[in-house]
Amino acid sequence: MPTYLVGSRASALARTQVRDFLAPLRGRFPEIAFTQRVILEGGDRDRTSLLANVSAVSGGSAFSTEQEAALLRGDVDVVVHSLKDLPTANPEGLMLLPPPGREDVRDALCGSTLAGLPHGARVGTGAARRIAQLLAVRPDIVPVPIRGNVPTRLEKLRSMRLDAVVLAVAGLNRLGRQDAIGEPLPLDLFPPSPGQGALGIQVRVDDRAVRDVLSTVGDRAVDREVRAERSLLAQLHGGCSVPVGACATTRPDGTLHLFAQVTSLDGRRQVTGSVTGPASEPERLGADLAGELVDRGARAILDGIRPAVPA
């Protein structure tokens, strides 16, 4: 019986994502044994330092470098990431397969609704995008930096006496913590990180057998959507720590609609835009919209904040 080794981070969410990804594959390919292997990342070992410092030590991404290295060495056959955590460029020799569907892409306030937050509310999040978007809507809010997995950040509501924390609805749904959601945040004001809610299924380019098996559960529409979002991010030379939000949807007529937003860290400047076009050209749509955002002032916002933002 062939065995496929499936790498992921160690968190409960990462393990749940692997379980959900493998469930249909185990049904389709009972002759294959799928075994999960946990790989610790720099961001998992060090949960107190700035992510920029963690990334500098790892020589890459705080949440993907070790897994990608294991995949390149052949220690695992596939890695299941949260796509929003992955840099837009694959290391040489690796590629992404179409994701198997997508969870809810929205962010959520946990502990309160937006309207229910008191003046000067302390809201926990370590994401530059979320901080910027919150301040654009509620400049009175006091962002409180927090890190950790989903249960840890929910616990900090109590232990740090926060009024709310911001988390991805996808992670809460996957962990069965819908009860923690105070309010999903509207996409027109709070577009998510590119790729949010989707899995990043990463394999070796030359491993055709694995590619053929895992591609059978890929969702082509979701693949085009996340490719458009990540193309926009790549053209803006941004990463998961810059305040860029993007959300692509496939319309009933088969076209692809992409909405994006760039916000200054203090929330005072914001550039938004959208584009609709052929779903067969997601990268071009992402690049076109990035160009429009730059023309409207997005580059000045990003260049002004990048030195102060974790990479």
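The values are calculated or read from the model by the stated rules, or taken from the named source; none is laboratory data. It should be emphasised that the depicted structure is a prediction, and the values quoted were computed from it without experimental measurement. All Cβ positions, even for glycine, are placed from backbone atoms using ideal geometry, and neighbour counts span all protein chains on display.
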request  = State which residue is modelled with the highest pLDDT when the search covers only the stretch 39-49 and only residues that are farther than 16 Å from ILE146 by Cβ and surrounded by 15 or more Cβ atoms within 10 Å (Cβ to Cβ).
outcome  = ILE39
remark   = Flagged in the stretch 101-115 as among the aliphatic types (A, V, I, L, M), buried (at least 19 other Cβ atoms within 10 Å of the Cβ) and in a loop (DSSP other than H, G, I, E, B), in numbering order, are VAL105, LEU114
query = ALA52 passes all but one of (1) in a helix (DSSP H, G or I); (2) at pLDDT 95 or above; which number fails?
reply = (2)
key: The listed residue being under 14 Å from VAL203 (Cβ atoms), touching a Phe, Trp or Tyr at 6+ places or on another chain (Cβ under 6 Å) and not hydroxyl-bearing (Ser, Thr, Tyr), out of VAL80, VAL76   = VAL80
message = Anything in the stretch 15-35 that is under 10 Å from PRO100 (Cβ atoms) and of a type in the set (Gly, Ala, Ser)? List them, or say none.
response = ALA23
query = Could we say that VAL76 is in a loop (DSSP other than H, G, I, E, B) and touching a residue at least 40 places away in the same chain (Cβ under 8 Å) here?
reply = yes
query = So LEU187 fits all but one of (1) in contact with a Cys (Cβ under 6 Å, 6 or more places away or on another chain); (2) farther than 27 Å from ARG230 by Cα; (3) of a type outside the set (Val, Ile, Thr); what number is the exception?
reply = (2)
key: Residues (within 19 Å of the chain's Cα centre (by Cα) and touching a residue at least 60 places away in the same chain (Cβ under 8 Å)) located in the stretch 249-264   = PHE259, ALA260, GLN261, THR263
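Mind checking which residues of the stretch 1-17 are within 19 Å of GLY197 (Cβ to Cβ) and surrounded by fewer than 22 Cβ atoms within 10 Å (Cβ to Cβ)? Give the steps one after another, and end with the answer.
In the first step, residues of the stretch 1-17 are kept if they are within 19 Å of GLY197 (Cβ to Cβ); the result is 8-9, 11-17.
Listed by number, the residues that qualify are SER11, ALA12, LEU13, ARG15, THR16.
Can you find a residue that is closer than 21 Å to ALA170 by Cα and at pLDDT 95 or above anywhere in the stretch 67-79?
Of all residues in the stretch 67-79, those closer than 21 Å to ALA170 by Cα come to 79.
From what is left, the residues that are at pLDDT 95 or above are 79.
Looking through the stretch 67-79, at least one residue is closer than 21 Å to ALA170 by Cα and at pLDDT 95 or above.
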SER82 vs. criteria within 19 Å of LEU185 (Cβ to Cβ) and surrounded by fewer than 19 Cβ atoms within 10 Å (Cβ to Cβ) = no
